[in-house]
Amino acid sequence: VGNQALQLQCYGALMALAASSDERQAAIASAGGIEALVVGMGAHVGNEALQGFGCGVLKSLAAKSDERRAVIASAGGIEALVAGMGAHVGSADVQKYGCWALMNLTAGSDERDGSHTIGAPISAVGTV
């Protein structure tokens, strides 16, 4: 977690792997990759590139899997996304991948009836 340059390289690799297949996404999750990613994002909130890659990885991992969505949420992934977006309101990549990740986290929920809002994250991020 201490070496930001190394972590950035790892996040780039994770982003490529997570975007490539469901099997690789499952492997990342089963190896504890989600929890490690969230810890790293929390440790380096001020690193724009790292936040952009982190949001991108979470975006891919949250797609098409209720199990991975639950792990992301329980690991503090939503808070990590909001913190990264709030710290980098001027970064198109952080905002794009962060919003996409939040959208994927809410997709496919049987409990979603339209009454839930994401007002807290939106107000935490501010205006772009």
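The values are calculated or read from the model by the stated rules, or taken from the named source; none is laboratory data. Nothing here was measured: the structure is a model prediction, and the numbers come from that model. Positions of Cβ are backbone-derived with ideal geometry, glycine not excepted, and every protein chain shown enters the neighbour counts. In case anyone asks, the SASA skips ligands and DNA or RNA and just uses the protein heavy atoms, side chains included. Shrake-Rupley method; radii C 1.70, N 1.55, O 1.52, S 1.80 Å.
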Q) Give me the pairs: first residue in region 33-57 and touching a residue at least 12 places away in the same chain (Cβ under 8 Å) and closer than 14 Å to GLY76 by Cα, second residue of a type in the set (Asp, Glu) and open to solvent by 10 Å² or more (accessible area, probe 1.4 Å), beta-carbon distance under 9 Å, and six or more apart or on different chains, which are they? A) VAL38/GLU79; GLY42/GLU79; CYS55/ASP93
Q) Tally time: how many residues in region 67-98 are surrounded by fewer than 22 Cβ atoms within 10 Å (Cβ to Cβ) and over 19 Å from ALA36 (Cα atoms)? A) 9
Q.
Taking the condition of being open to solvent by 30 Å² or more (accessible area, probe 1.4 Å) and of a type outside the set (Gly, Ala, Ser), how many residues in region 9-46 meet it?
A. 11
